[in-house]
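Read through the structure below, which is laid out as structure tokens, and then see the notes.
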Amino acid sequence: DGNTPGTTEVDVTVTYPDGTKDHVKVPVTVGEEADNDAYDPNVEEVNKDHGTPTTEEDVTGAVTVPDYPSEKEQPVITVDNPDQLPDGNTPGTTEVDVTVTYPDGTKDHVKVPVTVGEEADNDAYDPNVEEVNKDHGTPTTEED
């Protein structure tokens, strides 16, 4: 059926124009399924605080290949373009392109969402301080 790897002999009947026949066995070999067809990478979102740059390890660590046999050589996960990594200074979500390369040479391409949080108000703003002068004996109020 083409789904089971290995070699199977198939009986074939050859019929000639004069009606005579030959019966032969033909070996049919079905190869192993390519890793990128057999497995689907799983992607988790990466969340970073404002001001914290995203590393390649943050992104590659968010990609797994569930059910990939642990006894086999493991797929290599790489960020396609490190320039896509958020520097942490712009809030919002960026998709980072990642390639999963399997030991058989096949590849899967995925996008990892990286979300940078909003800058905290106490980091975004500096308070203005003005000196308060009061006459001796005059209490200072909250409004002052």
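The values are calculated or read from the model by the stated rules, or taken from the named source; none is laboratory data. Quantities reported herein were computed from a predicted structural model and do not represent experimental measurements. Quick reminder, even Gly has a Cβ in these numbers, built from the backbone with ideal geometry, and neighbours come from all protein chains shown.
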For the range 113-127, indicate whether the set of residues that are closer than 30 Å to E33 by Cα, surrounded by 14 or more Cβ atoms within 10 Å (Cβ to Cβ) and either without any contact (Cβ under 8 Å) to a residue 40 or more places away in the chain or of a type outside the set (A, V, I, L, M) (or both) is non-empty. yes
One residue from V96, V76, V10 being closer than 30 Å to E118 by Cα and either out of contact with any helix residue (DSSP H, G or I) (no Cβ under 8 Å at 6 or more places or on another chain) or hydrophobic (A, V, I, L, M, F, W, C) (or both): V96
Can you confirm whether V65 is among the β-branched types (V, I, T), at pLDDT 95 or above and out of contact with any Pro (no Cβ under 9 Å at 6 or more places or on another chain)? no
Filter result for V100 (among the β-branched types (V, I, T), modelled with pLDDT of 95 or more and in contact with a Phe, Trp or Tyr (Cβ under 6 Å, 6 or more places away or on another chain)): no
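Out of E119, E71, which single residue is in a loop (DSSP other than H, G, I, E, B), farther than 30 Å from G31 by Cβ and of a type outside the set (A, V, I, L, M)?
Working: E71 fails: farther than 30 Å from G31 by Cβ.
The match here is E119.
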Identify the residue in the range 34-60 that is farther than 20 Å from G92 by Cα and not charged (D, E, K, R) and, among all such residues, is farthest from the chain's Cα centre (by Cα). A34
For T54, state whether it is among the hydroxyl-bearing types (S, T, Y) and assigned to a strand (DSSP E or B). no
Just to be sure, is T55 under 26 Å from D104 (Cα atoms), surrounded by 11 or more Cβ atoms within 10 Å (Cβ to Cβ), polar (S, T, N, Q) and touching a residue at least 12 places away in the same chain (Cβ under 8 Å)? no
Where residues in the range 36-52 are within 15 Å of D108 (Cβ to Cβ) and in contact (Cβ under 8 Å) with a residue 24 or more places away in the chain, which of them is surrounded by the fewest Cβ atoms within 10 Å (Cβ to Cβ)? D37
Condition (residue is over 18 Å from the mean Cα position of the chain (by Cα) and assigned to a helix (DSSP H, G or I)) applied to the range 22-31: is it met by at least one residue? no
Inspect the range 67-89 for any residue being under 30 Å from D121 (Cα atoms), among the polar types (S, T, N, Q), surrounded by fewer than 19 Cβ atoms within 10 Å (Cβ to Cβ) and touching a residue at least 24 places away in the same chain (Cβ under 8 Å) and give the result as yes or no. yes
